[in-house]
């Protein structure tokens, strides 16, 4: 494949990218100053201009992170080098001109602990080429580096401030890359979708994007309260043997530690707080005013309504299969306790058993976790957005390779969005996929996403009605695609 260099001039300096296969890509583009040294736990700071032509032909560092806890299902991504100078963008565009194309900003997932917008899984070249879009992948701080909360050290919003800074950078500079700052869609999956919910609830994010796509948002996980985040932060410092009796010296002690030491301590903390059948994150955005699930959903919807932001949102049929895949045996008493805790009803497990004939206990726990972490709170958010005056289109991704133990699990929709199946060739959740079905499903879902990004309407190829609380029209992506009312079935049996 022939590659050519291409130079674009911004107000910060010149960038030299690479033209390949009718798309120009700029990699490792800094959007803030590096959060290193004394700025390790500071909020994002504006990037300084540079002289000469900056090489943007290679990806930059990714945020310091441990191996993904989901690697048994998703495999291992290529292993780019890690480092704290990680705040960079990957920009793909059909042309460097003044055409002002729609822009989509991608916020990756990974439990707020792993991932990067620059991974091959999320390469935006195909999306840019097919949709005539400018795509922007964001690398932001993760784990304790992004969300440690400790008074006088950090406020637990560094990662969110990074994403805000990336959006502000796009407002100021994306026109030089052929993009329109007034037509920005922000798109994220998992923790990335959760971060977008936080942004929708924040007034300082108003005007930075006009549409949003939330894929598999764990909407039941409210941002941490300051009290809970401080509890986690204090325990991390204990594990790291940081002296907390001298507040003046805490920052200096933390800044003297290596990234490896902080990652290892974070892993120990994550193990300590882990709970059966639950997603419990040691580090995530800290927003006291959003620290209950009901309040989080309400303020996300209110923000969308006030800003006039329409959304696509949806979940996968067996989200939690990817999380529970390593469990071999379960204590029936513990399982029943978890069902009662979430549903509030004795015997709820029997209804789940009726829904999935022949399903194992792990299958039933997966269904329960999927419903109460992803599906039901997403539908509650859709109804709240409708009441707030914005439109939303809801989907459920039901397809999986025949016989796959992972079924339609968390993250399986991603290659269909980006069209990067070569990057996913070793991913276990896709093993056994029928290539013809995959190609057709990719075409359908990408047309919908691109239609929404371009025009605000995802029903450009297959009719897709906006979601309304009475009919609950949901687009089903499977071997047969189409919209249906109250698709999930369970919705009428549980209050959402």
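The values are calculated or read from the model by the stated rules, or taken from the named source; none is laboratory data. A quick note: this is a predicted structure, and the numbers were derived from the prediction, not measured. All Cβ positions, glycine included, derive from the backbone under ideal geometry; neighbour counts span all protein chains shown.
Filtering 51, 90 for residues that are in a loop (DSSP other than H, G, I, E, B) and either crowded, with 22+ Cβ neighbours inside 10 Å or out of contact with any helix residue (DSSP H, G or I) (no Cβ under 7 Å at 6 or more places or on another chain) (or both) leaves a single hit, 51. A count restricted to the range 405-428 and to residues that are under 18 Å from the mean Cα position of the chain (by Cα) and part of a loop (DSSP other than H, G, I, E, B) stands at 9.
Among the helices (runs of 4 or more DSSP H) confined wholly to the range 303-404, which include 2 or more residues that are modelled with pLDDT of 95 or more and closer than 30 Å to residue 456 by Cβ? Give the steps one after another, and end with the answer.
Numbers: elements: 332-343, 348-355, 361-370, 376-388.
Here the list reads 376-388.
Among residues of the range 1-13 that are at negative phi and modelled with pLDDT of 75 or more, those with a beta-carbon under 6 Å from a residue that is assigned to a loop (DSSP other than H, G, I, E, B) and loosely packed, with under 11 Cβ neighbours inside 10 Å at least six positions away or on a different chain give the pairs 12/49.
Put simply, of 269, 214, 236, 254 the only residue that is at pLDDT 95 or above and touching a strand residue (DSSP E or B) at 6+ places or on another chain (Cβ under 7 Å) is 214.
It is to be established whether one or more residues within the range 198-217 are surrounded by fewer than 18 Cβ atoms within 10 Å (Cβ to Cβ) and more than 19 Å from residue 160 (Cβ to Cβ). No - not one qualifying residue is present in the range 198-217.
Just to be sure, is residue 299 assigned to a loop (DSSP other than H, G, I, E, B), touching a residue at least 12 places away in the same chain (Cβ under 8 Å) and touching a helix residue (DSSP H, G or I) at 6+ places or on another chain (Cβ under 8 Å)?
no
Would you check if residue 67 is surrounded by 22 or more Cβ atoms within 10 Å (Cβ to Cβ), out of contact with any strand residue (DSSP E or B) (no Cβ under 7 Å at 6 or more places or on another chain) and either modelled with pLDDT under 95 or in a loop (DSSP other than H, G, I, E, B) (or both)? The answer is no for residue 67. Within the range 219-235, the set of residues being surrounded by fewer than 23 Cβ atoms within 10 Å (Cβ to Cβ), part of a helix (DSSP H, G or I) and either touching a helix residue (DSSP H, G or I) at 6+ places or on another chain (Cβ under 8 Å) or free of Cβ contacts under 8 Å to residues at least 40 places away in the same chain (or both) comprises 226, 227, 231, 235.
Does the range 367-375 include one or more residues that are closer than 26 Å to residue 190 by Cα and surrounded by fewer than 17 Cβ atoms within 10 Å (Cβ to Cβ)?
Applying the first criterion (closer than 26 Å to residue 190 by Cα) to the range 367-375 yields 367-375.
Subsequent filtering for residues that are surrounded by fewer than 17 Cβ atoms within 10 Å (Cβ to Cβ) retains none.
The answer is no, given that none of the residues of the range 367-375 is closer than 26 Å to residue 190 by Cα and surrounded by fewer than 17 Cβ atoms within 10 Å (Cβ to Cβ).
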